[in-house]
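Structure first, then comments.
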Amino acid sequence: GTCFTVRIGEFSRRPRNSDSVQRPARAAARPDGATMPAIVTPTAEDRDLKLKETDSEQDDDESTDNLVSSESGSSSCDEDATEKLPPRRSAMVIMTFVIGGYTLIGPLQHDLKHRLNIGDAGGVNEMFTQSVAFVQWGKTFMTLGQNVLLSCFATVHRVYIAMIIMLCGTLIPPLFVFTLGSTWLGWVPLCYGMVGLALGVFECTYLSVISPLGPLTKSWAIMGFPAAFAVVNIVGQSLMALIDLPVAAIFWYIVLCQPVAIVLFRRLAPHDTQVDGKNYKQSSIMSSLRDWHTWLVRVLPFCLVNIMSHFVMESVLPAVFNTYNAHEVALFGPTNNEVLMEKTWFLVVLSICMAIADMSSRKLGYHIQVKNTKSFYLALAFALVCCTVGLYATTMGVAAIAWFAVFLAFFGAGFNYAIASRYIDGYVPRKHNLAAYSIWMFVGYCGAISGAVLVTMVRHWICGGVEYEHQCRSH
């Protein structure tokens with residue numbers, strides 16, 4: 001007889017035991033005199049031949065599995081290979097420079113408002129506040145919207161587009177407001193709207209584009225986010241307090257960083273979808289959603305934790321700013337005036353705690369051993385606990401504890417960011433990488449909007465409706 005062996009792309013016909021020597025059957029007698037069925041005893045040559053055939057079939061199966069995995073764009077089998085790639089630390093510099101535009105939502109927005117001769121109350125102040133919120137709406141919309149509006153552009157070109165928009169947006173305050181002296185309120189929605197649109201395109205697309213460079217490069221890149229805030233809120237604010245550095249200089253620093261980031265990205269990014277023999281071309285968002293069962297269900301837990309993470313970041317920090325709003329801060333309680341600290345230095349220490357927590361947790365998230373989905377989920381749970389405890393500690397209303405609370409909240413947020421990035425790069429099929437990042441960040445930004453809207457509620461949890469001499473002031 002013959003047997004047929006089927007392989008993908010191959011059909012072979014092979015005679016069964018064609019090389020073996022046929023031996024006569026040897027009948028055995030039973031005690032009752034009857035004859036037992038004939039038994040063929042395999043020789044050593046037969047056993048060796050069978051073993052070679054089995055090994056050959058296993059090799060063919062493994063080759064076929066690898067072929068299917070490569071054609072489907074799976075990335076789980078590439079994780080060990082990419083881990084050996086050397087880190088490209090310039091990825092962090094690029095992220096730091098571009099995210100510098102996002103730091104306009106921090107203390108710099110108050111300096112811009114003061115330059116525009118806008119007070120802290122009234123209708124014009126409310127218009128300014130809502131204009132600043134354009135950054136949140138813009139980044140949320142473009143995180144997914146880019147997959148439709150910019151679908152005709154390759155992902156690497158979308159990063160360039162985002163950088164150019166960021167350059168134009170950050171140029172508005174130093175040029176038109178601080179240099180030319182314009183006080184037109186319309187500059188605010190233009191500036192923050194462009195920054196938000198650029199951020200929505202840049203963050204998820206940049207992380208997707210540099211995925212072929214390996215996890216070591218990615219671990220450096222994601223630290224650029226807290227580094228950007230550290231440079232502006234720690235170094236910049238300290239120089240303003242110590243040597244009277246003009247605030248316009250910080251705005252110009254952010255602008256000048258953008259063309260440098262473009263040049264560095266041109267040298268860093270892989271501009272071909274074929275890297276090391278692997279295809280990194282991204283599917284359209286609709287194609288990825290049609291194939292949702294291969295990746296979306298796995299990413300859902302990371303999306304849920306990302307909502308909480310962004311809610312905590314966007315509610316805790318502004319609530320702390322609005323709570324400890326006197327010229328001096330009582331460190332050990334609202335009614336304990338024994339140890340007071342100037343508010344500027346209190347906020348500098350707060351920013352240091354935030355930066356150390358966020359950067360160290362992102363680095364740690366890429367160095368701990370997580371080898372399967374269960375271990376990823378355990379790490380994700382740890383990040384959620386840190387964020388939740390940090391939010392609770394903030395509501396205690398003690399300034400010194402607020403440092404610890406912010407540290408814990410941002411440690412959890414950074415750890416969540418690193419763990420989710422590792423999982424998407426290692427377990428989501430390569431062709432759905434951008435779609436996974438887009439949806440993960442989109443739901444996170446929804447949590448950020450919720451946190452920004454509910455800052456007043458979190459502040460009420462802290463103050464309890466009571467005004468003190470050194471915190472919870474109404475002015």
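Each value in this text was obtained by applying a stated rule to the coordinates, not by laboratory testing. Predicted model only: the values in this text are computed from it and were never measured. A quick note on method: Cβ atoms are made from the backbone with ideal geometry, for glycine too, and the neighbour counts reach across all protein chains shown.
Computed values, structure above
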read-out: Calculated FRET efficiency for the pair Tyr377/Ser450, C-beta based, R₀ 30 Å, to 0.05; value: 0.80
read-out: Extension gain, Leu149 back to Lys363 (0.36 nm per residue minus Cα-Cα distance, nm); value: 73.7 nm
read-out: Residue (of Val398, Leu364, Tyr437) at the positive-pole extreme of the stretch 342-475, dipole from beta-carbon charges; value: Tyr437
read-out: Residue pairs, from the table Lys113/Lys363; Lys139/Lys371; Lys139/Lys218; Lys363/Lys431; Lys113/Lys139; Lys139/Lys343, whose Cα atoms sit over 24 Å apart; value: Lys113/Lys363; Lys139/Lys371; Lys363/Lys431; Lys139/Lys343
read-out: Burial ranking of peptide ranges 455-462, 383-390, 215-222 (average Cβ count within 10 Å, highest at the top); value: 215-222, 383-390, 455-462
read-out: Relative contact order of the stretch 181-282, pairs being alpha-carbon contacts under 8 Å that are 6 or more residues apart, as %; value: 25 percent
read-out: Taking the stretch 269-395 and dividing mean pair separation by its residue count, relative contact order in percent (alpha carbons under 8 Å, at least six apart); value: 25 percent
read-out: The stretch 170-210: chymotrypsin sites (Phe, Trp or Tyr not before Pro) in DSSP coil with no more than 13 other Cβ atoms inside 10 Å; value: Trp184
read-out: Positive-pole candidate from Thr294, Gly236, Leu256, dipole of the stretch 212-333, charges at beta carbon; value: Thr294
read-out: Charge tally in the Cβ shell below 14 Å around Tyr324, where Lys, Arg are +1 and Asp, Glu are -1, Tyr324 excluded; value: -1
read-out: Low-density loop cleavage sites - chymotrypsin sites (Phe, Trp or Tyr not before Pro) in the stretch 320-413, where at most 15 other Cβ are within 10 Å (DSSP); value: Phe332
read-out: Low-density loop cleavage sites - trypsin sites (Lys or Arg not before Pro) in the stretch 357-448, where at most 12 other Cβ are within 10 Å (DSSP); value: Lys371
read-out: Label point 7 Å beyond Cα of Glu469 along Cβ direction - residues of the stretch 334-369 with amide nitrogen under 16 Å; value: 334-343
